[in-house]
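Here's the structure we're looking at; comments come further down.
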Amino acid sequence: MNTEYLLQLADKNILFVAERKPVVMQKGKGMYLYDTEGNKYLDFIGGWAVNALGHSPQAITKALKKQSSLLVNCSPSFYNQAMLEFSELITKVSGLERVFFCSTGAEANESAIKLARKYGQKFKKGAYKIISFENSFHGRTLSTMAMSGKNAFKPLFEPKTQGFIHLPLNDIDAIKKNVNEEICAVILEPIQGEGGVREADVPFVNSLRELCVNNNVLLIMDEIQTGLGRTGKMFAYEHYGILPDILTLGKGIGGGFPLAAMLAHEKLNIFEKGEQGGTYSSQPLGMAVGYAVLQDIIKRNLADNANKIGNMIIAQLNGLSRKYPIKDIRGKGLLLAFDTDGENAARIVDMAFELGLILNSPGPSSIRIIPPLTVKEKHVFSFMEILEKVLKSVYS
Ligand SMILES: *Cc1c(COP(=O)(O)O)cnc(C)c1O
């Protein structure tokens, strides 16, 4: 099938939700994607922080092959072996005792909203309000859109789910002023990913943790983007030396397979029959993939690799910033961003793509770098070579 024909199918059949480039991706291997014309792209967004192990990694293809010949699905009425094996691994690694599995990040955050409200009902006289942060992103279901602090979401799809209060990040006084008997939880991205790679600072998170304990408020960490090695530690909460009460994971957990999870402390094992579930909750293929991906991240020390290569990228970008107007180089591990002079981000992303490098711009002036955790030094050199070519033609 030729590309032109495939693009006609796109025009004719696909419901519009996003502007996409007129190329059709056909296969992926390691750090590279290939389109139907045979063009090769160095992938520095890894499916938006999803392809933790790169494209079509052995861990995933092997797990899918084995599990799909054993058991594809058995309904949520039964436990399955893969689910129990994965539950043991992920609760051990995270330090949270209970896990609920689902398919997408938004669904994991919906579960966290429900669990926080359940906690409020049971232990805090019906408290149901949740504090989240300006510029945060928590998903695209109606409730997670309402919880997100993204300005572009504000006018959409009224009426909104009620009960979310948006406060500025890193401002503990704003939290103090707003915490009361009606608040059941605070939800925080340790580093805001879609918001442009903005970090919650250490004193703020430590004060927030204490404030939550003192006011019987749950601390939910949305580590859908930051979790599982991405920031140079297994979980970003380790940078602060704290544990959340509820943790949501997605993206990298399945390495590209639709998988997500909500973890919680033992005291939050409080859902009653019928209150939460899902046809694909703990679906065996996802469980086998999740187990294989997490084992691989541990075995290959990919959090350390994220830290090492992330530092190398930061050093290289600092070098570039002496020649070209790029600034505010920020982030941790392999969740990095920098700002460009003027609103040039979209142009830079387009030009890089033409030269075979995939980047992302979360805002008109910022470029985000979120490659697979398996990225090597040689890929960073190729990335820098193309980026410098682009910056040269934009700024001179
Ligand atoms: C991507 C993301 C989500 C939503 O995950 P989906 O799988 O797209 O539903 C939620 N929170 C954060 C921090 C994310 O980065």
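Within the assembled protein chains, the solvent-accessible surface assigned to residue 179 is about 30 Å², based on a 1.4 Å probe.
How about the stretch 169-232: which trypsin sites (Lys or Arg not before Pro) there lie in a loop by DSSP and see at most 11 other Cβ atoms within 10 Å? For trypsin sites (Lys or Arg not before Pro) across the stretch 169-232 that sit outside H, G, I, E and B with at most 11 neighbouring Cβ atoms in 10 Å, the list is empty.
Relative to the longest principal axis of the Cα atoms of the chain, the long axis of helix 58-70 lies at roughly 50 degrees. Across every direction, the projection of the convex hull enclosing the Cα atoms of the stretch 1-81 has a mean area of 8.2 nm².
Computed 3J(HN,Hα) for the stretch 83-95, one whole-Hz value per residue from the Karplus formula 6.51 cos²θ - 1.76 cosθ + 1.60 where θ = phi - 60°, is 5, 6, 5, 5, 4, 5, 5, 6, 5, 4, 5, 8, x, glycine and proline marked x.
In units of the compact-protein estimate 2.2 N^0.38 Å, the chain shows a Cα radius of gyration of 1.00. Pairs exceeding 27 Å between alpha-carbon atoms, taken from 66/267; 332/376; 160/327; 177/327: 66/267; 160/327; 177/327. Using a cut-off of 18 Å between alpha-carbon atoms, which lysines can reach residue 12, once sequence neighbours fewer than 8 places away in the same chain are excluded? Once the sequence-local lysines are set aside, what remains near residue 12 is 21.
Along the stretch 347-359 the Karplus relation, 6.51 cos²θ - 1.76 cosθ + 1.60 evaluated at θ = phi - 60°, assigns HN-Hα couplings of 5, 5, 4, 5, 5, 4, 4, 4, 9, x, 10, 9, 10 Hz to successive residues, with x for each Gly and Pro. With angles folded into 0 to 90 degrees, how steeply does helix 302-320 sit against the dominant principal axis of the chain? Use alpha carbons for both and round to 10. The helix 302-320 is inclined about 50 degrees to the chain.
For a straight C-alpha distance cut-off of 20 angstrom, the aspartates and glutamates reachable from residue 323 (same-chain residues fewer than eight places away being disregarded) are 339, 341, 343, 385, 388. Once the GluC sites (Glu not before Pro) in DSSP loops with at most 14 neighbouring Cβ atoms within 10 Å are cut out of the chain, the longest remaining piece is 182-271. For the stretch 122-279, the convex hull drawn through the C-alpha positions has a volume of 136 cubic angstrom per residue.
In straight-distance terms, cross-link reach from residue 154 covers every one of the aspartates and glutamates whose alpha-carbon lies under 12 Å from its own, apart from those fewer than eight places away in the same chain; here that gives 134.
Return the subset of 27/65; 40/389; 65/308 for which the Cα-Cα distance in this structure is over 22 Å, preserving the input order. Distance filter (> 22 Å) returns 65/308.
Ellipticity at 222 nm from helices only: DSSP H runs of n ≥ 4 in the chain, each -39500 (n - 2.57), divided by the residue count, give -12000 deg cm²/dmol. Placing +1 on each Lys and Arg Cβ and -1 on each Asp and Glu Cβ, with no other charges, gives the stretch 40-139 a dipole about its Cα centre of roughly 360 debye. Under 5 Å between amide hydrogens, built in the peptide plane, is the criterion, and for residue 355 it picks out nothing among residues at least 5 positions away or on other chains.
The values are calculated or read from the model by the stated rules, or taken from the named source; none is laboratory data. This one's a predicted model, so the numbers in the text were calculated from it and none came from an experiment. Cβ atoms come from the backbone with ideal geometry, glycine included; neighbour counts cover every protein chain shown. Calculation scope for accessible area: heavy atoms of the full protein, side chains included, ligands and nucleic acids excluded. Shrake-Rupley method; radii C 1.70, N 1.55, O 1.52, S 1.80 Å.
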